[in-house]
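A short write-up of the structure that comes next.
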Amino acid sequence: MPDSRPRPPDDHTADASNSRESTALTLRGARLTDGRIVDVRLGGSRIEAVGTAGSLSASGARIDLRGHLLLPAPAEPHAHSDTALTADATVTGAPGPASQLPEDVQRRATEAALLQLGHGATALRSHVRIGDVQGLAALEAVLQARRSLRGLADLTAVAVPRLLTGIAGADGLAMLRDAVKMGAGAVGGCPDLDPDPTGYAEAVLEIAAEHGCPVDLHTDSDDPARLARLATMAGGVRQGVAIGPCAGLSRLPGEAAGRAADQLAASGVTVICLPQGGCCGAERRGTAPVRLLRAAGVRVAAGSGALRDLANPVGRGDPLEAAFLLASQSGLSAEHAYEAVSAEARRAMGLPEVRIEAGFPAELLAVRGEQLTGVLSLAYSRIVVHRGRVVARTSAVREYCDSETGGAGLPRQGRPDSGPGGGA
């Protein structure tokens, strides 16, 4: 691919030019996955130019990315902000349920989003429970967290009602509509937990059509007939339908799983798997058969699921770990594994495509390393760019004791033959 060239400015006025100069950022000496070493100039929220190292003039700030691999930033398509960081919650010093006060939910949701931003996820989709005793309080808290994160990360809430069918589901239907009016960016839920799973899915799809919003459903997908009905219903939804974690597909006989994969591919449904573990909406562990799904033509994205809550007390919420697991346990190539947490995740969330070319959104992740395989293996130091500016930085240094002297110091960093940008 030839070097990208600067794109013409959208506005030629002096004020616009001065604004671009004040927000310009040049990333120098970054390595791309195709092996090129490039400079990347950012202006506003977009990539202005990509050229060979040293070829771009830099009028604003500069960051030296020698020794770093530059990638499109990952996205998190399946988080649970309202329950995140509750595994170790205590009440009056004794183990107990986590506080559900709105201010505590907002604090945890904000902290969880910042943790995932530090890993590289500049956009997050969070499933938030509504109904029961809490009503819409948790959703309002997550929406408040979204506002507090503006400029750092984009957080979208998915409203997740408990029941939607029968007499008991009437309140859930009304609350789901209210949730969309409040600002929920998508509608979802757990049809497997409703007495009428098909009716539940129909209700969600109907409300999505009313409000023009996407659908994101929790399902284990271990019932082929139910999954076939869902695929048929979802085929006509223009806003997009995602389901996950679909671990039950791995427990089906091969022939049944293959038919289900074909039906999902034909309907255009995206499957969001959770390689790092389950979530509050999944009763059984496991991972969707990603190779089978991809072979059938299903779009497969990967999310993190639970982040240190009761469903997964050690959840990390790290997209690169999800990609590592897809490569190491599901047999995907490093490139396809990273696509699942970046390009496919963004597509599932309805976000614009990111490529390291002029004109594309400046949503980027720089990780110390030279190749994608090494980055997925040891992704310690990271620099995260959101809307054209650095919003998070993680630096790690590994030191080794001098074995000859046995001293207490740890002077050695990296390999003895490490070149510029190599080492720890």
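The values are calculated or read from the model by the stated rules, or taken from the named source; none is laboratory data. Because the structure is a prediction, the values reported are computed rather than measured. Methodologically, a virtual Cβ is constructed for each residue, glycine included, from the backbone with ideal geometry; neighbour enumeration extends over all protein chains shown. These area figures cover heavy atoms from the full protein model, side chains too; ligands, DNA and RNA do not enter into them. Shrake-Rupley method; radii C 1.70, N 1.55, O 1.52, S 1.80 Å.
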Quickly work out the R46-to-E335 label distance, labels modelled 7 Å from Cα along the C-beta direction, and quote it in nm with one decimal.
2.7
Taking a probe of 1.4 Å, how large is the accessible area per residue of segment 116-198, in Å²?
38
Label segment 84-196 by shape, choosing from rounded, prolate and oblate, from the square roots a ≥ b ≥ c of the eigenvalues of the Cα gyration tensor; if a/c is under 1.5 it is rounded, and otherwise prolate applies when a/b is larger than b/c, oblate when it is not.
oblate
Taking only the Cα positions of segment 222-265, the convex hull volume per residue in Å³ is 59
At 1.4 Å probe size, with the rest of the protein present, what percent of the exposed accessible area of the chain is carbon and sulfur atoms?
50
Quick one: accessible area per residue over segment 206-261, 1.4 Å probe, rounded to a whole number of Å²?
40
Measuring from the longest principal axis of the C-alpha atoms of the chain, the long axis of helix 254-267 (C-alpha) lies at a number of degrees, nearest 10, equal to 80
Theoretical ellipticity at 222 nm over the chain - DSSP helices of four or more residues, -39500 (n - 2.57) apiece, nearest 500
-9000 deg cm²/dmol
Once the Cα gyration tensor of the chain is diagonalised, what are the square roots of 5 times its eigenvalues, in whole Å and ordered largest first, as equivalent ellipsoid semi-axes?
38, 25, 23
Set the Förster distance to 41 Å, then compute FRET efficiency between T373 and M182 from the Cβ-Cβ distance, nearest 0.05.
0.40
Two pseudo-spin positions, 7 Å from Cα along C-beta at R62 and at S99, lie apart in nanometres by 4.8
Just to be sure I understand the model, the point goes 7 Å from the Cα along the line to the Cβ. What's the resulting L193 to Y400 distance in nm?
5.0
If one compares the long axis through the Cα atoms of helix 14-23 with the longest principal axis of the Cα atoms of the chain, the angle in degrees, nearest 10, works out at 90
Average accessible area per residue (Å²) across segment 278-352 - probe 1.4 Å, nucleic acids and ligands excluded
43
If the label point is 7 Å along Cα→Cβ of H211, which residues in segment 224-241 have backbone nitrogen under 19 Å from it?
234, 237-241
Helix axis angle, 170-182 relative to the chain longest principal axis, alpha carbon, degrees:
30
